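A quick write-up on the structure given underneath.
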Amino acid sequence: MTGMHLWIFGSACASERPATEALWRADVSGESATICCTRSDIPHAHEPRSLVTFSFTLQGWREKYSSQRQYDTMTSDPEFPDDFRADLANLFLWRRDVRRFKPTPLPEGALERLLDISSIAPSVGLSQPWRFVMVESAECRAAVRTCFERCNAEALASFGGERAALYARLKLAGLNEAPCQFAVFADRGTEQGHGLGRLTMPATIEYSAVMAIHTFWLAARAEGIGMGWVSILDPADMATILDVPPEWTLIGYFCVGYPNENHSVPELEREGWEVRRASIVITR
Ligand SMILES: Cc1cc2nc3c(=O)[nH]c(=O)nc-3n(C[C@H](O)[C@H](O)[C@H](O)COP(=O)(O)O)c2cc1C
């Protein structure tokens with residue numbers, strides 16, 4: 001294959017036919033190929049605005065591609081034994097919103113693995129509208145912290161009496177400690193999925209992004225990695241800080257790393273802010 005292109009949709013999907021929805025186009029020469037990331041909405045790129053080039057061998061791609069395809073081949077009525085179900089229930093129980101992190105960085109490849117797993121989350125019309133923006137620069141992290149501090153002060157001012165005193169004691173973000181931080185946006189402008197399912201319910205684009213986040217959250221916990229959701233932020237300020245397209249809506253900001261402690265009870269419950277109850281269910 002020389003002088004051809006591969007149109008790449010994600011780590012598990014490529015086509016030799018041109019596609020406007022493709023995230024990358026790889027120029028193929030012999031058995032190797034080079035990807036030029038020129039689009040601004042590349043979910044996995046660490047610097048979404050920059051031009052990134054990297055090369056890979058077609059053999060390496062095929063190996064990765066075929067391992068990803070295991071997701072597809074597991075359709076022959078997989079069995080999940082009782083032990084697995086018990087472990088899964090434990091995973092749900094011990095998934096926590098983490099705000100206290102060790103400084104230890106994530107091991108090599110862990111983030112990429114979790115992002116890959118997130119990419120198989122359900123999405124409206126298979127639109128996969130989640131956009132991960134990795135926040136690595138000191139300037140961006142400082143700006144996010146400033147935004148959080150202002151919004152948190154406004155939130156504190158909205159409470160009075162004992163509730164305000166309790167709120168002031170809560171730790172509501174791990175922005176100073178978390179080694180890995182990213183924002184997730186939902187791309188309302190995406191053409192992927194051709195609008196299926198969202199004509200009457202456009203917010204399904206945001207719901208889909210939440211599904212990817214939850215998938216990431218559980219998969220991370222399965223590796224002993226904790227994640228904390230930060231929503232005490234101003235979406236307009238965040239869009240400016242992170243320089244993202246106007247059609248992207250902020251879903252949240254996420255702090256990821258190894259937790260200082262593990263608990264089966266939410267921190268807000270342990271601090272006396274709220275208690276977890278049974279779900280509300282009604283019947284018509
Ligand atoms: C949409 C959403 C936004 C959240 N925003 C924050 C936040 O800004 N700060 C925070 O400390 N926790 C935040 N959380 C975490 C919740 O406080 C936490 O999920 C809840 O207290 C239950 O605890 P658990 O996740 O450990 O079970 C958020 C969670 C969700 C789902």
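The values are calculated or read from the model by the stated rules, or taken from the named source; none is laboratory data. All values reported here derive from a predicted model rather than from experimental measurement. Positions of Cβ are generated from backbone atoms using ideal geometry, with glycine treated the same way; all protein chains shown enter the neighbour counts.
Structure summary
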| item | result |
| --- | --- |
| Qualifying residues in segment 238-248 (those that are closer than 27 Å to L106 by Cα and either of a type in the set (D, E, K, R) or within 14 Å of the ligand (Cβ to nearest atom) (or both)) - the one nearest to the chain's Cα centre (by Cα) | M238 |
| Residue match in segment 187-204 (condition: assigned by TED's automatic domain parsing to the domain that holds A110, of a type in the set (A, V, I, L, M) and surrounded by 20 or more Cβ atoms within 10 Å (Cβ to Cβ)) | no |
| Pick from segment 184-223, criterion within 15 Å of E247 (Cα to Cα) and in contact with a Leu (Cβ under 9 Å, 6 or more places away or on another chain), ranking: nearest to the ligand (Cβ to nearest atom) | V184 |
| Residues of segment 93-113 classified as under 18 Å from the mean Cα position of the chain (by Cα) and basic (K, R), total | 4 |
| Subset of segment 165-204 (residues that are within 20 Å of the chain's Cα centre (by Cα) and among the aromatic types (F, W, Y)) | F182, F185 |
| Residues located in segment 134-183, provided they are within 15 Å of the ligand (Cβ to nearest atom), out of contact with any helix residue (DSSP H, G or I) (no Cβ under 9 Å at 6 or more places or on another chain) and of a type in the set (K, R) | R145, R169 |
| Close pairs (7 angstrom Cβ cut-off, 6 or more residues apart or separate chains): among the hydroxyl-bearing types (S, T, Y) in segment 143-170, away from the ligand (no atom under 14 Å from the Cβ) anywhere | Y167/F159 |
| Unmet requirement for V275, which otherwise passes all of (1) within 24 Å of S118 (Cβ to Cβ); (2) among the β-branched types (V, I, T); (3) within 12 Å of the ligand (Cβ to nearest atom); (4) not in a helix (DSSP H, G or I) | (1) |
| Residues (of a type outside the set (S, T, N, Q), under 17 Å from V256 (Cα atoms) and part of a helix (DSSP H, G or I)) located in segment 212-241 | A212, I213, H214, F216, W217, L218, A219, A220, R221, A222 |
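Yes/no matrix, rows are residues, columns are (1) assigned to a helix (DSSP H, G or I); (2) more than 20 Å from G257 (Cβ to Cβ):
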| site | (1), (2) |
| --- | --- |
| R99 | no, no |
| P105 | no, no |
| E112 | yes, no |
| I117 | yes, no |
| A121 | no, yes |
| G125 | yes, yes |
| Q128 | no, yes |
| F132 | no, no |
| E136 | no, no |
